[in-house]
Amino acid sequence: MPQTLEKIETTPEERFLTAFHAADGTTLNGSNSRLHTLRKEAIERFEALGFPQRKAEAYKYTNIQQVLKRNYTLQLAPRETSVTADDIAPFLVPDLDAHVLVLVNGRFNEALSSIGELPDGAIVTGFADAARTHPDLVDAHFGQYADHENDAFIALNTAFTQDGAFVYVPKSTVLDKPVHIVSVVSAEDDLMLQPRYLFIAEENAQATIIQTGRAITDTHTFTNAVVESYAGRNAHLDHYEIQDEGPKSAIHLSTQGYQHEQSVVRTNAFTFSGEIVRNNLCMLPDGAHCESHLYGLVLGRGDMHVDNHTVVDHAAPDCYSSELYKHLVDDDATAVFNGRVLVRQDSQRINAYQSNDSLLLSEDADIYSKPELEIYADDVECSHGATTGTLDKEAIFYLQSRGLSYAEARALLLVAFARDVLDHVKVEPLEALLDTYVTARFGPQA
Amino acid sequence: MSTTQTEYLQDVADADYEHGWTTDIEADTADPGLTEDTVRMISAKKEEPEWLLEWRLKAFRYFKKIMEDSSQYPEWAHLKYVQPNLQEISYYSAPKRKARYDSLDEVDDELLETFERLGIPLQEQKQLAGVAVDAVMDSVSVATTFKEELKEAGVIFCSISEAARDYPELVRKYMGSVIPYTDNYFASLNSCVFSDGSFVYVPKGVRCPMELSTYFRINEQNTGQFERTLIIAEDDAYVSYLEGCTAPQRDESQLHAAVVELVAHDNAEIKYSTIQNWYPGSKEGEGGIYNFVTKRGLCKGDDSKISWTQLETGSSITWKYPSVILKGDRSVGEFYSVAFTKGHQQADTGTKMTHIGDDTKSTIISKGISGGRSNNSYRGLVRVNKNAKNARNFSQCDSMLLGDRCGAHTFPYIEIDNPTAQVEHEATTSKVGDDQLFYCHQRGLNEEEAIKMIVNGFCKEILAKLPMEFAVEARELLAIELEGSVG
């Protein structure tokens, strides 16, 4: 009877727990013993926490349950893939000389990757491979920064961690070329992916990491990704995340960055498509004189729902942080921004700035913005600003008075609005690509 | 930071409450506890009409459910305190000698002295043109002046229990229309046990001839005070209402859960100003008033305007969000606030602006100053509904920190569903600048004078919004608060 069926229908949590217990010790075992211990801890925490409910303040504007309830398959064992180099080619950045690492359905694919030559001691490889070949490095950092104790998504990812990407730059080493991690989804069924990323830049090291995600097939996917990044003393780490997996992909990305003194970390998040995209980005400058820069650009259209939650947790004095997130929201799309700046007690002489600007381009677009300041030290300069509105009529009029058509004037202003974020992209070929994309989207022909 | 400044700010943070003493008046106090009988007793004591008792009971039946369900208690605010035990509170207290007074002469001398020590110009009011006072000592309205003059203008200004008897059709129509008894935990509680409060009705086209003012005092030990204020401005009417408070020193925490409802019809304007200086608790953070207030105004008619101005310096815990629902086209909502916390005080205060009508405007200016070990949070919501065309909002929240053990926080929520909205929010947090202090020193001002001047300048914008009499008092209050025991 249908009623009984409804009653025995399992929750998403139960499905994961069942899958874990079935696969534990076999496919989820692996050779790394620390990973094995963490997995057990994490699944227990996940069971206790459960996915955030609609009433949870942090998920107030994002109904993540809606996409979680789909019956995704969990590919716990690697599968043969038909993805070829030709499939990957369009996803590469033109003119970009990079160490390219390809993930197919969250798994490192060595044949498709072209990592090339690396400086002495540097490592760019799949996460599973790193756990096997460099257990000391993985053990020292894995699970140290992302909080699997209190975050259900991180706990779940930790429990199911199998593969992903691993980048290690040893002391006083500079990676001249960026690392480009291309994630490709190719599936016949609705698929759940849980890739794990670990990026380590030791003292005085420098690295640039670009992550792009694209789907080749047209199934629903849910990607629950976790990125842990570590910047040693005086290290420089630039991170670019370009989310464009298509309208059927749901993404929950948790990024936790740890910074030692004098380190400089820049993160850039670009979201161009997705059914529901939720990014939790947390930076922890834990030593004096750190710099943290957070940039984000969301181009919303269709039914997209993009939710960026950022936290800059100033645990040490004399640091600087700046944040700029911009939204261009069209059609039925929704953009959510929650930026939190926390200055802990005795973290004196902090300068923290945050700005969130949104343009609503249609009747049905929605914006929810919540910039937060939480300050427990007095010798600080912290500020945030948030604006929401539509294009300035006077600016359009001015441009029209100079001979531009309405469409041209509008396009010029929209592209200029987005360029404020693009200007912070330090990798030229990438900036050019993104600029082309934005111009094509909003330019006069669009 | 120089030692002198540190010492000075320490003194400020340690300063004792100036208005801490109790008036010894016999009072008629109900046994602690909240049951249906309590609600019936309060209603009976107030000689309330049947419909009002029914209303209270309906609220009580609802509240009973949420009282027993701990998940209903509002825990989202950035506050740390022990939840008050509602069964330990006495819900009714009235001066015993007489339930009502016809003139000032009948009022207890001791009571009048209380007001004088607080600096309430009750007696002088008669000579001082422009201010009518409805003094509330605990729960019963003690004296009302200027009634005659207001009557001539057609303005009704009386206690809410009087209004329920004399103008039942008005009270029935508007009470709970802006804040229903299901609104939130404390509004529900208030709806069952509200003791007294003010009622103002300004008829069509009338500009209220004077500033209306009520001073609230919590006096009897262990009695929470649950006022309920209702202000209605008909078409083209104008009224300015002043509320000011001080309370004597107590060891036990006292719960205060008031409800204030404002209704502005077409082209009407209501200006509501508050100075709140209740007992903030001892130096160790013991005692003090829990101030959990629900205040909301409804701009019901087109071109209406509601303006909240507040100076919050007292209470150990403040949980207060005076809000405006901008329903009428071209309606305007304003919120100006200065919140000063020191010692172990905690404040979570702000506003909610809900834009519903077309071409609505709202302005939010909030200044928070925290010292000692206090925590001061701004929490505000600007919501533009789907059909609210051309809504405009400007919000500014500035925080000043006067020590390294206090906290200043900003939690603005911005929800925009209409593309024609133009919403701006900005917030800053900093301490008194060393360069500012240096400049003042250079001009011959000492630390204390300099800090007073800088803080005063920081708040000036808001204090200037208060009516004349209040502005002076407010500046004084802020100066006294800062002064502490500095010799």
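Every read-out reported here was derived from the displayed coordinates using simple, explicitly stated rules and does not represent laboratory data. Predicted model only: the values in this text are computed from it and were never measured. Please note: Cβ atoms are built from the backbone with ideal geometry, for glycine as well, and neighbour counts cover all protein chains shown.
Pop the C-beta distance of A:Lys393 and B:Lys204 into the FRET formula with R0 = 35 Å and round what comes out to the nearest 0.05.
The value I calculate is 0.40.
Any number yet on Rg/Rh for chain A, C-alpha, Kirkwood?
My calculation puts Rg/Rh at 0.96.
Towards the positive end of the charge dipole of the protein assembly as shown, with charges on Cβ (+1 Lys, Arg; -1 Asp, Glu), say which of A:Val415, A:Ala85, B:Tyr73 has the farthest Cα.
A:Ala85
In Å³ and rounded to a whole number, note down the convex hull volume per residue for the Cα atoms of the protein assembly as shown.
195
Kindly state, to the nearest 0.05, the FRET efficiency for A:Glu44 paired with B:Tyr62, given R0 = 41 Å and r defined as their beta-carbon distance.
The value I calculate is 0.55.
Would you compute, for the Cα atoms of the stretch A:288-446, the largest minus smallest coordinate along each principal axis and list the three values in descending order, in whole Å?
55, 34, 29
Between A:His141, A:His305, A:His293, where does the largest GNM mean-square fluctuation fall for chain A, given springs only between Cα atoms within less than 10 Å?
Among A:His141, A:His305, A:His293, the largest GNM mean-square fluctuation belongs to A:His141.
Given a cut-off of under 8 Å on Cα pairs at least six residues apart, what relative contact order in percent is computed for the stretch A:40-151?
The normalised contact order for the stretch A:40-151 reaches 24 percent.
Between A:Val174 and A:Thr84, take the C-beta separation as r, use R0 = 30 Å, and let me know the FRET efficiency to the nearest 0.05.
With a Förster radius of 30 Å, E is 0.35.
Per residue of the stretch B:273-286, in order, report the coupling 6.51 cos²θ - 1.76 cosθ + 1.60 (Karplus, θ = phi - 60°) as ³J(HN,Hα) in whole Hz, putting x for Gly and Pro.
Here the 3J(HN,Hα) series is 10, 9, 10, 10, 9, 7, 4, x, x, 7, 4, 7, x, 8 Hz.
Any idea what % of Cα-Cα pairs in the stretch A:264-324 are farther than 17 Å?
44
Enumerate the calculated ³J(HN,Hα) couplings along the stretch A:191-208 in order (Karplus 6.51 cos²θ - 1.76 cosθ + 1.60, θ = phi - 60°), each rounded to whole Hz, writing x wherever the residue is Gly or Pro.
10, 10, 10, 9, x, 10, 10, 9, 10, 10, 10, 6, 3, 6, 7, 9, 8, 10
With each pseudo-label sitting 7 Å past Cα toward Cβ, what's the A:Ser33-A:Asp147 distance in nm, one decimal?
3.0
Counting partner chain Cβ atoms within 10 Å of every residue's Cβ in B:422-434, what's the average?
Taking all residues of B:422-434 together, the mean is 6.
Report, by chain and number, residues whose modeled amide H sits under 5 Å from the one on B:Glu426, excluding near sequence neighbours (fewer than 5 apart, same chain).
Those lying under 5 Å, H to H, from B:Glu426 are A:Ala386, B:Ser395, B:Gln396, B:Cys397.
For the pairs A:Lys370/B:Lys327; B:Lys361/B:Lys460; A:Lys60/B:Lys460; A:Lys40/A:Lys248; B:Lys204/B:Lys271; A:Lys370/B:Lys64, note any where the Cα-Cα span goes beyond 26 Å.
A:Lys60/B:Lys460; A:Lys40/A:Lys248; A:Lys370/B:Lys64
List the residues whose amide H sits under 5 Å from the amide H of A:Leu281, counting only those 5 or more places along or on another chain, with H placed 1.01 Å from N in the peptide plane.
Distant-sequence amide H within range of A:Leu281: A:Thr255, A:His309, A:Thr310, A:Val311.
Once amide H atoms are placed 1.01 Å from N in the peptide plane, what residues at a sequence separation of 5 or more from A:Gly300, or on another chain, have their amide H within under 5 Å of its amide H?
Distant-sequence amide H within range of A:Gly300: A:Leu328, A:Val329, A:Asp330.
For every helix of n ≥ 4 consecutive DSSP H residues, a contribution of -39,500 (n - 2.57) applies; sum these over the protein assembly as shown, divide by its total residues, and give [θ] at 222 nm rounded to the nearest 500 deg cm²/dmol.
-7500 deg cm²/dmol
Could I have the simple spin-label model distance between B:Val472 and B:Glu284, label points 7 Å from Cα toward Cβ, reported in nm to one decimal?
For B:Val472 paired with B:Glu284, the spin-label model returns 4.1 nm.
Calculate the dipole size of the protein assembly as shown relative to its Cα centre from +1 charges on Lys and Arg beta carbons and -1 charges on Asp and Glu beta carbons; express the result in debye to the nearest 20.
Value, rounded to 20: 1440 debye.
Describe numerically, in nm with one decimal, the distance between label points set 7 Å from Cα along Cα→Cβ at B:Lys80 and at A:Tyr353.
Placing both labels 7 Å beyond Cα along the Cβ direction yields 3.3 nm.
Want the number for A:Glu381 to A:Ala77: 0.36 nm per residue separation, take away the alpha-carbon distance, what's left?
Length gained, A:Glu381 through A:Ala77: 104.3 nm.
If you average the sequence gap of Cα pairs under 8 Å that are 6 or more apart and divide by the length of chain A, what percent do you get for the contact order?
The normalised contact order for chain A reaches 9 percent.
Could you please rank B:Glu426, B:Glu312, placing first whichever residue has the fewest other Cβ atoms within 10 Å of its Cβ?
B:Glu426, B:Glu312
Let me have the relative contact order for the stretch A:391-446, percent, based on Cα pairs under 8 Å that are six or more residues apart.
Rounded, it is 35 percent for the stretch A:391-446.
Please average, across the residues of B:397-403, the number of beta carbons from any other chain that are within 10 Å of each residue's own beta carbon, and give a whole number.
3
How crowded by other chains is A:356-365, given as the mean number of beta carbons from other chains within 10 Å of each beta carbon?
Whole-number average of other-chain Cβ neighbours for A:356-365 is 3.
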